[in-house]
Amino acid sequence: MFNVTVVNIKGLLKFLVFIILMCGIIFFIYSSVSSEKLSNEINSNVTEEKKSKYISFILNKTIPGIGQINGTDMILSETTYSETGSVVQFLLAYQLPAMKALSPLDTNNSDNPPVEIAQNTETTPEVSHADTNVTTEVIPNNVPNKYTDDYNGVEIKNGTNYNLTEDILNCDNLDFNKKDIMIFHTHTCESYTPTEQYSYEETGTFRSTDLNYSVAKVGDVLTEQLQSYGFNVVHDKTYHDYPAYSGSYGRSEATVKNLLNSHAGTDIIIDLHRDAIGDTSYAPSVKIGDEVVSQLMFVIGTDGGGLEHPNWKENLKFAIKVQEKANELYPGLFRPILLRNSRYNQQLGKAACIIEVGATGNTLEQSMGSMKYLSKILDEVLKSL
C-alpha cells in the first residue's frame, strides 16, 4: 500500500502570498534606506556630470524610447533638450508622436520656418579718412574775412593790444602732451540749419537740446576720427548753456577741471562751437573735392582782459601750427584766427582752443563733413612734433 499525504492547496497559496508580501516589505524598507544613502552619497561626492549620467541611465531603463533617442543608453544630451526649452516637452515630443507636430524639434515643418536667433555681429564700422590730393575752393559768401596779421600765410585777426612779434608767433618748439585730447562744448545746444535728414525741434533760435542735432554730434564725428588715428579722446557732452545761457563759461570751466582730475596731463583741450553772426543765412563753406563742408575758425584767448592766463602764447602757437598744415593740405578750410582778450577757459591747457565749425547757415551734414579733414590735419601735425 502507498501512504498518501494530502496537501492543502488553499493553505499553501496563503503561505506563499504571505512570504511574498513579507519579502516585498523587507525589499521596500531596504530600498528606501539604500536610496537615501545613495542620494546622500551622490549629493556629497558626485559631480554634476555624474548626476546627469545617473539620471539619464534611470530614464533610459524606465521610460521606453529614451534609450533609443539617446542612442543605446547614451547620456541625455543638453543640446538635444535645450532646443525645446523644456525637458517635459522633449519627452512628450518623442513619447507621443502627435506632439512632434507642435515641437520645435521638428525642424522640417514647412509651415513654421526656423526662427533665426539674433547674434551680436555688430562690428565697429571702418572710419573713412580724408584724402589729401584733392582740390579745394572757398565758396563766396557775403561776409569777407578780415585780418590784421599774416604769419607764414596764416591770417590772424588781432583783437587785443598785443603786438604779435616773431617770438609770440614762432611755433617751431612746441612742447605739450600730444597723445591725449579732450573735446567739450561750452554752448552744447548750438545747432545748424535744419535739413530733411536732420530736422529738429528748436529749444531756441538755432538751438536744440537733442544731442543728435547739435554741435555735440559734430564732436562725436571728430572723436571717432581722432580715435581711428590712435589718439586717446575724451568727449564730454554736458549741457552748459541750458536751461540758462548766461554763465556757460563758468559751468564749462568746472566741467573741464573735473575731467582733468581723471585725465591729468591733457593739454589739447578743444571747445567745439558753431559760430553765430547776425545774418543767420551766413554759411562759411569750402568745397574739398566734390564735397561742400563748413569752414573752421580758431578763437584764441589771452590775458588781455585782466585774468591770469600763462598759456595763451602756447595756445596761439598751436593754432598757427595747425593752420599752417591746413593751408598746405586744404587751403581755405580755415578762416583767419581770432585773437581775443577773454581767456575762454584756455588757461587750463597748453594747446587749448575754441574751434568754430561753420555758422547758423551751414547744415549739420556740412559740419560733420569737416571733421575728417580737421582730424587728418591734427594727425599729421601732432605726429610730426
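The values are calculated or read from the model by the stated rules, or taken from the named source; none is laboratory data. A quick note: this is a predicted structure, and the numbers were derived from the prediction, not measured. As a convention, Cβ positions derive from the backbone with ideal geometry for all residues, glycine included, and neighbour counts pool all protein chains shown.
Listed by first and then second residue, the pairs with beta-carbon distance under 6 Å, at least 6 apart or on different chains, first residue in the stretch 338-367 and on the phi > 0 side of the Ramachandran plot, second surrounded by fewer than 21 Cβ atoms within 10 Å (Cβ to Cβ), are Asn345/Glu253. Is it the case, given these coordinates, that Ala264 is surrounded by fewer than 14 Cβ atoms within 10 Å (Cβ to Cβ) and within 24 Å of Val322 (Cα to Cα)? Here the answer is yes, as Ala264 does meet what is asked. Restricting Thr266, Thr280 to those that are modelled with pLDDT of 95 or more, touching a strand residue (DSSP E or B) at 6+ places or on another chain (Cβ under 9 Å), part of a loop (DSSP other than H, G, I, E, B) and not hydrophobic (A, V, I, L, M, F, W, C) reduces the list to Thr266. Based on this model, can you work out whether Glu190 counts as touching a Pro at 6+ places or on another chain (Cβ under 7 Å), surrounded by 15 or more Cβ atoms within 10 Å (Cβ to Cβ) and under 26 Å from Leu348 (Cα atoms)? Taking the combined requirement at face value, the residue does not satisfy it. Pairs linking a residue in the stretch 169-190 that is touching a residue at least 12 places away in the same chain (Cβ under 8 Å) and polar (S, T, N, Q) to a residue that is part of a loop (DSSP other than H, G, I, E, B) and surrounded by fewer than 20 Cβ atoms within 10 Å (Cβ to Cβ), with Cβ atoms under 6 Å and 6 or more positions apart or on different chains, are Asn177/Gly265; Thr188/Tyr239.
For the stretch 144-157, the condition of being of a type outside the set (Phe, Trp, Tyr), touching a helix residue (DSSP H, G or I) at 6+ places or on another chain (Cβ under 7 Å), assigned to a loop (DSSP other than H, G, I, E, B) and at pLDDT 95 or above holds for at least one residue.
Please work out which residue is farthest from the chain's Cα centre (by Cα), limiting yourself to the stretch 330-385 and to residues that are within 24 Å of Thr148 (Cβ to Cβ) and charged (D, E, K, R). Ranking the candidates gives Arg340 first.
Of the residues making up the stretch 321-362, those that are within 16 Å of Asp275 (Cβ to Cβ) and either among the hydroxyl-bearing types (Ser, Thr, Tyr) or outside the structural domain of Val215 (by TED's automatic domain parsing) (or both) are Ser342, Tyr344, Thr360. Of everything listed in (1) part of a helix (DSSP H, G or I); (2) in contact with a strand residue (DSSP E or B) (Cβ under 9 Å, 6 or more places away or on another chain), the single unmet condition for Gly250 is (2). The residue pairs whose first member lies in the stretch 259-274 and is within 12 Å of Leu348 (Cβ to Cβ), whose second member is outside any strand (DSSP E or B) and of a type in the set (A, V, I, L, M, F, W, C), and whose beta carbons are closer than 7 Å, counting only pairs six or more residues apart or on different chains, are Leu260/Leu348; Thr266/Leu260; Asp267/Phe176; Ile269/Val256; Ile269/Leu348. Taking (1) buried (at least 19 other Cβ atoms within 10 Å of the Cβ); (2) in a loop (DSSP other than H, G, I, E, B) in turn, Val221 satisfies each apart from (2).
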